[in-house]
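Below: one structure, written as structure tokens.
The values are calculated or read from the model by the stated rules, or taken from the named source; none is laboratory data. For clarity, every value in this text was computed on a predicted model and none was experimentally measured. Here the Cβ positions follow ideal geometry from the backbone for every residue, glycine too, while neighbour counts run over all protein chains shown. These accessible areas exclude ligands, DNA and RNA; they are computed on the full protein's heavy atoms, side chains included. Shrake-Rupley method; radii C 1.70, N 1.55, O 1.52, S 1.80 Å.
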Amino acid sequence: MHTLIARNLKTLKKNLSSQRFRNKKTGLVPTMGAIHEGHLALVNKSIKLCEATIVTIFVNPIQFNNKEDLKNYPTALANDIEILTKRKVDLIFIPNIRDMYPQDFSTYIHLDKFSDILCGKNRKGHFSGVATVVMKLLSLIQPKCAFFGEKDYQQLIIIKKLVRDFNLNIRIH
Ligand code: PAF
């Protein structure tokens, strides 16, 4: 089956309600694009463990404490789509900024623990931005499983805690 691409919330919702995803064990691989072997290992795992796999590509501005880093973040959208299509992922969600953060957006996840140590020490607000966008993606897509790399180990721990603290019925791999 060909890979679907959703570039806005309306298309995402329409696709998610179709036979291809309804009542299926869906796996989510959130990314900021510039797809590399690490992402593909997560994609392969999702394809193996789940009935449908969704990859999101969104460079999340609120997790960049340094605006220069955001400006210089690599993008390779056409290449990413080609690679993910070859891997036969079911859907690529590439939201636009206003879908994710409408002008009146005002609710952020505040982390009480783990965010001000290690990597978070010098990246104020970074993990709050990560937790907020991941929470949004999880609630939009409502997957059964979500996959995160161990390279960002602190992020992985924070996301596992987020899922526990908010009683989300999602397995984090
Ligand atoms: O690890 C990343 O690429 C990002 O932090 C994530 C989880 C996609 C959230 O923007």
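List of remarks:
- Net charge of neighbours whose Cβ lies under 14 Å from the Cβ of Phe64, counting Lys and Arg as +1 and Asp and Glu as -1: +2
- Around Ile97: net Lys/Arg minus Asp/Glu count, Cβ-Cβ under 15 Å: +3
- For the chain, the longest principal axis of the C-alpha atoms and the axis of helix 77-86 are separated by about 50°.
- Accessible area per residue in Å² at 1.4 Å probe, computed on region 1-126: 62
- Projected label points at Thr107 and Lys67, each 7 Å from Cα along the beta carbon direction, are separated by 2.8 nanometres.
- Put simply, the convex hull of the Cα atoms in the chain casts, on average, a shadow of 9.8 nm².
- Crossing angle, helix 153-165 versus the chain [Cα axis fit, 0-90 degrees, rounded to tens]: 80
- Solvent-accessible area of Phe114, all protein chains in place: 80 Å² (probe radius 1.4 Å, heavy atoms, ligands and nucleic acids excluded).
- Backbone HN-Hα couplings from phi across region 137-142 [Karplus 6.51/-1.76/1.60, Hz, Gly and Pro as x]: 5, 5, 6, 6, 9, 6
- These residues, Tyr153, Tyr73, Tyr101, go from largest to smallest accessible area, 1.4 Å probe, as Tyr153, Tyr73, Tyr101.
- Rg and Dmax of region 1-42, based on Cα coordinates, read 12.2, 30 Å.
- Rolling a 1.4 Å probe over the protein chains gives Cys119 an accessible area of about 60 Å².
- Where trypsin sites (Lys or Arg not before Pro) fall in DSSP loop in region 45-129, at most 13 other Cβ within 10 Å: Lys88, Lys113, Lys124
- With Cα atoms, 0 to 90° folded angle of helix 37-49 axis to the chain main axis: 50
- Surface composition of the chain: carbon plus sulfur atoms hold 52% of the accessible area, using a 1.4 angstrom probe and ignoring ligands, DNA and RNA.
- These residues, Ile92, Ile170, Ile117, go from largest to smallest accessible area, 1.4 Å probe, as Ile117, Ile170, Ile92.
- Taking GluC sites (Glu not before Pro) across region 1-106, the ones in a DSSP loop with at most 15 further Cβ atoms lying within 10 angstrom of their Cβ are Glu51.
- Only helices enter this figure: runs of n ≥ 4 DSSP H residues, each worth -39500 (n - 2.57), summed and divided by the residues of the chain, yield -12000 deg cm²/dmol at 222 nm to the nearest 500.
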